[in-house]
Amino acid sequence: MAESVLSKQEGAPILDRQNPFESMMARFDVAAEILGLSPGVYEYLRRPVKQIIVSVPIQMDDGRIKVFDGYRVIHNEIRGPSKGGIRYSPDLTLDEVKALAAWMTWKCSVVNIPFGGAKGGVKCDPSQLTRVELEKITRRYTASLLDVFGPDRDVPAPDMNTNEQIMAWIMDTYSMHVKRTETAVVTGKPLLLGGSLGRREATGRGVMIVTLAALEKIGFRPKETRVVVQGFGNVGSVGAQLLSEAGCRVIGVSDVTGGIYNSSGIDIDAALRWVKEHGVLNGFGGGEPISQDELLELDTEVLVPAAKEDQITSRNAGNIKAKIIAEGANGPTHSGADAVLQNKGIVVIPDILANAGGVTVSYFEWVQNRQGYFWPLDQVNSRLERVMLEAFDAVWSCAEKHKVTLRIGAYILAIDKVSQTLKMRGIYA
Ligand code: NAD
């Protein structure tokens, strides 16, 4: 199927076999084929509208001048200003940023927020930089992209190795240049500078909401549901805590230091206290140690991969026993595992739906900044719940209609919305 669309496209990017984002584009192609996208629209949606490379020179603490590569890719802005994180990584490539930007277009479209997709970053190793050097890189990178960023144009957010402080420096640099305080130019800011209540927990909360919705669809009550969570960082720990509060029994958790299993249920609050104090799960005594591979293959109703990409592959998909996989991480399932999971009847709630709670509350932050009026936490959470449940129902119905997995259903929904908008707006000039 996918080949027939691809073969129409001379010069379509050939993605590296090892590139996890190839997995994403493989699903895009399947959805595009089902939608019957014309070759022109297909080509339009596959390509980013803008790719910017900037040199970021700074004076290091020892007086030397060093120049870093900075990138910003706007994949699509047909539905609104582009939205997407900024990552600092020594291995960053333009191809990676391009693929991540496309991912954001589909994610924003699935949850129906009025943003396009973007991504950016600087090729640098923050662990080798001082705080002053990091601030200089951030401010110079922002200054180079002043014509790109803006509340109505392109709105960055934190991603790998960037945080609230870096968003604060971006906001300040932009504000100094436009000569007014412009909080809406970035999201994921500290609360004091216009961040939103509930943003930190938003992705894990979204994972909880769609997991409970999927459980209801397949006739399971939280009280009779076991949950296993891989990754105990922002997404995994909040997801585990909220699912546990909803009545589920979390029997397995892991982080980079290893896994813990307890058939009677892990005390998530105690695990969180341990991680707050020690930084990692290692040494937490609330269960027996278990390997990363064993954790993924535990007998459970729900598995939440919330660590990193390509954890479920054709190698281990056959051993997964969960009835529902809720993808907290981006790209935790390689496309090679899709058919195996589908044949086993496992319901996979795809990343572009399951972890979209984060970008949804980023959108809320942007709205609050533009209103200059801040919402209480219960309002943020109830609006997030409404957005996530509407998206879940839309994806479920789309998948049923086309007799495909939820993942392909989500891509069909997302691509259809973007391509319909394109058709209505038309191609300028
Ligand atoms: P984080 O750095 O806070 O946590 C990552 C966790 O995964 C840590 O506990 C780490 O120890 C663990 N981990 C790393 N490698 C592991 C391995 N091999 N096995 C088991 N555990 C491992 O990151 P996060 O913000 O929670 O993000 C996790 C994933 O969710 C990423 O894929 C990210 O892109 C995605 N995501 C995050 C957000 C967000 O708002 N934070 C939004 C959307 C998607």
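The values are calculated or read from the model by the stated rules, or taken from the named source; none is laboratory data. Quick caveat, the model's predicted, so the values are computed rather than measured. Here the Cβ positions follow ideal geometry from the backbone for every residue, glycine too, while neighbour counts run over all protein chains shown.
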Failed condition for residue 345, given (1) touching a helix residue (DSSP H, G or I) at 6+ places or on another chain (Cβ under 9 Å); (2) within 17 Å of residue 408 (Cα to Cα): (1)
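Scan region 249-281 for residues that are in contact with an Asp or Glu (Cβ under 8 Å, 6 or more places away or on another chain) and not small (Gly, Ala, Ser) and report the count.
Final tally of qualifying residues: 6.
Run down 380, 348 and say which single residue is at negative phi, at pLDDT 95 or above and assigned to a strand (DSSP E or B).
Values: 380 fails: assigned to a strand (DSSP E or B).
Matching residue, one of 380, 348: 348.
Given the options 287, 283, name the one that is within 16 Å of the ligand (Cβ to nearest atom) and without any contact (Cβ under 8 Å) to a residue 12 or more places away in the chain.
Values: 287 fails: without any contact (Cβ under 8 Å) to a residue 12 or more places away in the chain.
Going through 287, 283 in turn, just one is within 16 Å of the ligand (Cβ to nearest atom) and without any contact (Cβ under 8 Å) to a residue 12 or more places away in the chain: 283.
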Candidate set: region 351-377, residues that are among the hydroxyl-bearing types (Ser, Thr, Tyr) and assigned to a helix (DSSP H, G or I); chosen: the one nearest to residue 312 (Cα to Cα): 360
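For region 106-128, how many residues meet the condition of being part of a helix (DSSP H, G or I) and in contact with a Lys or Arg (Cβ under 8 Å, 6 or more places away or on another chain)? Step through it out loud before you land on a result.
So in region 106-128, the residues part of a helix (DSSP H, G or I) come out as 106-110, 126-128.
Next cut, in contact with a Lys or Arg (Cβ under 8 Å, 6 or more places away or on another chain) only: 108-109.
Residues that pass the stated criteria total 2.
Looking only at region 197-217, count how many residues are within 12 Å of the ligand (Cβ to nearest atom) and polar (S, T, N, Q). If you could, list the steps in order and put the result at the bottom.
Here is the first cut: in region 197-217, the residues within 12 Å of the ligand (Cβ to nearest atom) are 198-207.
Adding the requirement that they be polar (S, T, N, Q) leaves 203.
Of the residues in region 197-217, 1 are within 12 Å of the ligand (Cβ to nearest atom) and polar (S, T, N, Q).
Residue by residue through region 35-60, note down the ones that are in a loop (DSSP other than H, G, I, E, B), over 26 Å from the mean Cα position of the chain (by Cα) and under 25 Å from residue 153 (Cα atoms).
Looking only at region 35-60, we keep the residues that are in a loop (DSSP other than H, G, I, E, B), and these are 36-38, 47-49, 60.
When the remaining residues are screened for being over 26 Å from the mean Cα position of the chain (by Cα), the result is 36, 38, 60.
Listed by number, the list is empty, since nothing qualifies.
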Hey, residue 220 in contact (Cβ under 8 Å) with a residue 12 or more places away in the chain, away from the ligand (no atom under 14 Å from the Cβ), farther than 27 Å from residue 82 by Cβ and of a type in the set (Phe, Trp, Tyr) or not: yes
Pick from region 223-238, criterion part of a helix (DSSP H, G or I) and near the ligand (Cβ under 9 Å from one of its atoms), ranking: surrounded by the most Cβ atoms within 10 Å (Cβ to Cβ): 235
Any hit, region 254-264, residues being touching a Ser or Thr at 6+ places or on another chain (Cβ under 9 Å), without any contact (Cβ under 8 Å) to a residue 24 or more places away in the chain and surrounded by 14 or more Cβ atoms within 10 Å (Cβ to Cβ): no
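Output the residue which, of all residues in region 59-98 that are of a type in the set (Val, Ile, Thr) and in contact with an Asp or Glu (Cβ under 9 Å, 6 or more places away or on another chain), is nearest to residue 129 (Cα to Cα). Spell out how you get there, then give the answer.
So in region 59-98, the residues of a type in the set (Val, Ile, Thr) come out as 65, 67, 73-74, 78, 86, 93, 97.
When the remaining residues are screened for being in contact with an Asp or Glu (Cβ under 9 Å, 6 or more places away or on another chain), the result is 74, 86.
On the way: 74: 27, 86: 17 Å.
This residue is 86.
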Evaluation of residue 298 against (1) closer than 17 Å to residue 323 by Cα; (2) of a type in the set (A, V, I, L, M, F, W, C); (3) away from the ligand (no atom under 15 Å from the Cβ) (one fails), failing number: (3)
Selection from region 311-349 of residues that are within 12 Å of the ligand (Cβ to nearest atom) and farther than 27 Å from residue 262 by Cβ: 330, 331
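Go through region 150-192 and report how many residues are of a type in the set (S, T, N, Q), more than 17 Å from the chain's Cα centre (by Cα) and either more than 13 Å from residue 369 (Cα to Cα) or not in a helix (DSSP H, G or I) (or both).
Going residue by residue through region 150-192, those that are of a type in the set (S, T, N, Q) are 161-163, 165, 173, 175, 181, 183, 187.
After this cut, where a residue has to be more than 17 Å from the chain's Cα centre (by Cα) as well, the list is 165, 173, 175, 181, 183.
Next cut, either more than 13 Å from residue 369 (Cα to Cα) or not in a helix (DSSP H, G or I) (or both) only: 165, 173, 175, 181.
Counting residues in region 150-192 that are of a type in the set (S, T, N, Q), more than 17 Å from the chain's Cα centre (by Cα) and either more than 13 Å from residue 369 (Cα to Cα) or not in a helix (DSSP H, G or I) (or both) gives 4.
Test residue 203 against the criterion of being of a type in the set (Ser, Thr, Tyr) and surrounded by fewer than 24 Cβ atoms within 10 Å (Cβ to Cβ), and give yes or no.
Numbers: of a type in the set (Ser, Thr, Tyr): yes; surrounded by fewer than 24 Cβ atoms within 10 Å (Cβ to Cβ): no.
For residue 203, the condition - of a type in the set (Ser, Thr, Tyr) and surrounded by fewer than 24 Cβ atoms within 10 Å (Cβ to Cβ) - is not met.
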Set 52, 78: member being in contact with a helix residue (DSSP H, G or I) (Cβ under 8 Å, 6 or more places away or on another chain) and at pLDDT 95 or above: 78
Close pairs from region 296-322: first on the phi > 0 side of the Ramachandran plot and in a loop (DSSP other than H, G, I, E, B), partner small (Gly, Ala, Ser) and within 10 Å of the ligand (Cβ to nearest atom), Cβ under 7 Å, at least 6 apart: 310/331
In region 141-158, residue nearest to residue 91 (Cα to Cα) [restricted to those that are touching a residue at least 12 places away in the same chain (Cβ under 8 Å) and surrounded by fewer than 20 Cβ atoms within 10 Å (Cβ to Cβ)]: 144
